[in-house]
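What follows is calculated from the coordinates using simple rules that are stated; it is not laboratory data. All values reported here derive from a predicted model rather than from experimental measurement. For neighbour counting, all protein chains shown are included, and Cβ atoms are generated from backbone atoms with ideal geometry for every residue, glycine included.
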Amino acid sequence: MSAELWQLHQTEILKSTSVPFIISVTGTHSRPELGKLVADWRDKEGNPFPQADLGPRRMGVAFPLEEDGRLKCFPVSWAEYSLMSKKAIRDSLPESERFHVLAISCLARTHDGQFVLSFRSRKVSHYKNMYHVSAAGYLDLGSAMASQSSFPQLFQELEEELGVAPTAVEFCQQLGLCRHAVPDSAVVEICYFAQLKLTADELLDRAKGAKDGWEGKVTVCSAERALEELKSKPMNPAGAATLMLYFQV
C-alpha cells in the first residue's frame, strides 16, 4: 500500500485479509471516567445529552485487536461515542476506556463491470463534497448482537443507499479492516466488495428511489476512473481504504 495514499486520505489499513471477522460481543465494558464526562457535558444552551443518547446504540471496538482476528466488541452509547470522537478527550482517558465504533463500507461493481461511487452531499455531517464508495453505515447494535456478523448491515446499506435488494447481489467479499486517521474521529470500518446482478443503467435507475439517496450522488465509472479519483484528491477515509484494498495499490 502507498504511504502517500494513506496520508492523502487520512486512513490506516488494520487488516488486509478476506477471512471473515468474528464479532465477539463481550457485554459491558467499564468506562467510569468517560461516564463522568458524559454526565458533566453540556451544549451551548446548557443542556445535557438527551436521554435517548445515553442508552446502548452502537458497537464499540477495543484496541489492540485480538490476535486471532476477532473484534472485541461491546455496546456503547451515542453520547460516549460523540465525546470519544474528540481527540483531546480520547487522549485524556485511560487506554482501557478508549474505543472506536464499528461501521462498514462497501464497493459495488455492476454486472457490466462498472464501479459504483457516491459523491457525498453537502448535507451530511462528515466528509462533505468527497467521493465515497457505494454504501456505508454504522453497525446496528441489535442486528450485530443477534447475528454475530456485519453482513445484515451490509445488505441494509446497499438497499437504503442504492435501492439494491439482497437478491440483486451475486456475491460479496470481505476485503479487510481500516481506521479513520482523522484526529477528531473514532471509527473502524469493515471493508467489503459486492458483485451485483444489475447493469449500470439498472443500478442508477434503482438508486433514484433509494431511501438514503440524499446522502450522495451515485455515479458509475470504470476501474481506471475509480483509481484516478483515488490518487488525485481526498476521499472519505474508509472509501479510500476499500478501494486501496480492492485494487491492491
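Would you mind getting me the FRET efficiency between residue 211 and residue 12? Use the beta-carbon distance for r and R0 = 41 Å, nearest 0.05. List each step's numbers first, then the result.
Values: r = 31 Å, r/R0 = 0.75.
With a Förster radius of 41 Å, E is 0.85.
Label point of residue 195 set 7 angstrom out along Cα-Cβ; within segment 96-131, amide nitrogens under 12 Å from it belong to 109-113. Round to a whole angstrom and tell me the spacing of the C-alpha centers of segment 178-237 and segment 65-142. A separation of 14 Å, based on Cα centres.
A cut-off of 5 Å between modelled amide H atoms, ignoring neighbours fewer than 5 places along the same chain, links residue 24 with 71, 73.
How far, in degrees from 0 to 90, does helix 151-162 lean away from the longest principal axis of the Cα atoms of the chain, to the nearest 10? Approximately 60 degrees, to the nearest ten.
Please determine, in degrees from 0 to 90 and to the nearest 10, the orientation of helix 237-247 with respect to the longest principal axis defined by the Cα atoms of the chain, where the helix direction is its Cα long axis. Around 40 degrees separate the two axes.
Excluding residue 241 itself, calculate the net charge of residues whose Cβ lies under 11 Å from the Cβ of residue 241, where each Lys or Arg counts +1 and each Asp or Glu counts -1. Mind showing how you got there, number by number?
Details: positive: 15, 179; negative: 12, 189.
Charge balance near residue 241 sits at 0.
Set against the labelled values (1) 45, 16, 15; (2) 30, 19, 18; (3) 51, 19, 16, semi-axes √(5λ) of the Cα gyration tensor in Å computed from this structure falls on (2).
Taking a straight Cα-Cα cut-off under 25 Å and skipping sequence neighbours fewer than 8 places away in the same chain, the lysines within cross-link reach of residue 211 are 123, 128, 197.
Classify segment 108-148: rounded, prolate or oblate, from the alpha-carbon gyration tensor (a ≥ b ≥ c, eigenvalue square roots; a/c under 1.5 rounded; otherwise prolate if a/b is larger than b/c)? Walk me through the intermediate numbers first.
Details: a/c = 4.78, a/b = 1.26, b/c = 3.78.
It comes out oblate by the Cα gyration axes.
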